[in-house]
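The values are calculated or read from the model by the stated rules, or taken from the named source; none is laboratory data. All values reported here derive from a predicted model rather than from experimental measurement. Quick reminder, even Gly has a Cβ in these numbers, built from the backbone with ideal geometry, and neighbours come from all protein chains shown. Please note that ligands, DNA and RNA were not included when accessible areas were found on the heavy atoms of the full protein model with its side chains. Shrake-Rupley method; radii C 1.70, N 1.55, O 1.52, S 1.80 Å.
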Amino acid sequence: MNLDSFIDWILLPLIKIGILFGLLSLVIAYLTLLERKIIAFMQVRLGPMRVGPHGLLQPIADGIKLMLKEDIVPSRADKIVFTLAPVITLIPAFIVFAVIPFGPRSIHIPGFTIPGLNVQVAERTTGFFITDLNIGLLYVLAVSSIGILGIILGGWASNSKYPLLGALRSAAQMVSYEVALGFSIMGVLMMAGTLSLVEIVNAQKNAGAWYVFLQPVGFILFFICGVAETNRAPFDLPEAESELVAGFHTEYSGFRFSLFFLAEYAAMIVVSSMAVTLFWGGWLRPFPNIAALGFLGLVPGFLWFALKVLVFLYFYLWFRASWPRYRYDQLMKIGWQVLMPIAIANVIVTAVLVLWLGGSR
Amino acid sequence: MIEALFFLFAAMAVGAAINVLVQKHVLYSALSLIVLLVSMSGLFILLNADFLAVINVIVYAGAIMVLFVFVIMLLNLPEDEDGADRMRWLKFLGIPMGLFLLFMILATLWNAGADAGVQAQMPGSPEAIGRSLFTDYLLPFEVTSLLILIALMGAVVFAKKEL
């Protein structure tokens, strides 16, 4: 392995993974504060105010508390699976970010010579993403479908009735909504003609319009299913506190609990990022084909991306503050009898239109 | 590099496969099966069949195994105690069939050994797979989809006695 391929395949990805991991942890920590603050604002309260100015240090205090808390394993629990479950949930939630494009392929690293060794390092261009897989979209679906297992196993291994009920609900809900989620994406796939997330954003640039304007039904379906997949309100039945105490993570405490928590918030960021990438033009500025708005291009792509993701995270919090939880039979009915037919109809209509208007762009 | 990864995934797959058989508890067997499927996906990626690898994870590890685990949890099966005794006669059937399968695999490997150029030609992209599914393998594809439809209807009939 020579130096250039070492830099391309090992060094640069490692640096990016490090930056991404650090940023992500920070964003998740402050997302919890944002959630409490926004919901407090909507309910005419102040939210956390004690730790730091306006509660700004609250996430750090929470983190320290979770680390120091006693880690309790129920005596009748299955120890191995109980330990494994939060890890199985957390790892997929983080490795999904490997394919999400935060910005275009536009980081130029000039060539240089390492002094002393007299080794020439070639000039290279890299992007604001860890890797660009030609099957990136399927990779996201595959990895996030593994994450469900952790939730089910955690509920089962606790050997307690509320976690088991929560886990069963979660399994049924996620399997049901995954189907509609897959169908809602297919419209975008047919228009873009590729599975690579970077190329899907580029296709939106070439089409001159974000896909949300061409696929409004697909986007609404995707976001509904995405909220259901992440077990957030109003689809938070697996952890419905009024009936199931806390659902699958009832028996978890301390650090293990925080792993589930991290995974849930990482999954929220993943769904928001996917919504932005597939439907809202990824890193593209608004109206990417109108030259008069060129000054918007002064804002770098990854900031546009972050801004759009924040909007969707805000939607998540808004939903939680606004809507009551669905009943279980209503949830299943919506998934199979409403969302699925609409999703299939959307696929058929898109297919006909794409064929009629002249193939994939 | 690729050889090292191959041996890593292969060892994981074989270890998990043995663990599926050895484990007393059904849930542990199911978990080992998931490890086996994921390491098989790793092997697929090394063979440039990315699409197959990802579909393998989505369908088997993500959907079918979730349902397996779901059912195991619902039934709450006890640990395998006397099950082995009742199935004792199966070994008279199982051992010859296993040997036959081993022979088939060895024969295939023996014949395939010389053909080293397979890996580079293997069409692993979604486009190539879709093309061959809808041209060369259209009949098997349609027959399979019919079979799946029948199975689906059968499941509905079983689940709802009166429609």
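Results, tabulated for the structure shown:
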read-out	value
Largest-first ordering by accessible area, 1.4 Å probe, given options A:Met274, A:Met186, B:Met153	B:Met153, A:Met186, A:Met274
Residue-averaged beta-carbon neighbours from other chains (10 angstrom radius) around A:149-158	3
Those lysines that a straight Cα-Cα span of less than 29 Å connects to A:Lys16, excepting residues fewer than 8 apart in one chain	A:Lys205, A:Lys308
All lysines inside 22 Å of B:Lys160 as judged from Cα atoms, apart from same-chain residues fewer than 8 positions distant	A:Lys333
Per residue solvent-accessible surface (Å²) - the range B:1-77, probe of 1.4 Å	53 Å²
Equivalent ellipsoid, the protein assembly as shown (semi-axes from 5 times Cα gyration tensor eigenvalues, Å)	37, 33, 27
Cβ crowding within 10 Å averaged over residues, with B:98-107, A:142-151, A:245-254 ranked highest first	A:142-151, A:245-254, B:98-107
Integer Hz, Karplus 6.51/-1.76/1.60 couplings in order for the range A:349-354, x for Gly and Pro	4, 4, 4, 4, 5, 5
By average C-beta atoms within 10 angstrom, highest first, the peptides A:87-93, B:13-19	A:87-93, B:13-19
Relative contact order, percent, chain A [alpha-carbon distance under 8 Å, six or more residues apart]	22 percent
Long-range amide H partners of A:Arg124 with built H, under 5 Å	A:Ile109, A:Gly111
A:Leu357 paired with B:Glu127, simple spin-label distance in nm, labels 7 Å along Cα-to-beta-carbon	2.2 nm
Other protein chain Cβ atoms within 10 Å, averaged over every residue that makes up A:132-140	4
Average accessible area per residue (Å²) across chain A - probe 1.4 Å, nucleic acids and ligands excluded	48 Å²
Peptide-level mean, for B:58-69, of C-beta atoms on other protein chains within 10 Å	5
Gap separating the Cα centres of the range A:179-200 and the range B:95-114, nearest whole Å	41 Å
CD proxy at 222 nm, helix term only [per DSSP H run n ≥ 4: -39500 (n - 2.57); per residue of the protein assembly as shown; nearest 500]	-21500 deg cm²/dmol
Gap separating the Cα centres of the range A:300-361 and the range B:128-147, nearest whole Å	30 Å
Exposure ranking of A:Tyr314, A:Tyr211 by accessible area [1.4 Å probe, largest first]	A:Tyr314, A:Tyr211
Fraction of the pair-distance distribution of the range A:51-163 above 17 Å, Cα-Cα pairs, percent	74 percent
Average projection area in nm² (convex hull over Cα atoms of the range B:1-77, one quarter of hull surface)	4.8 nm²
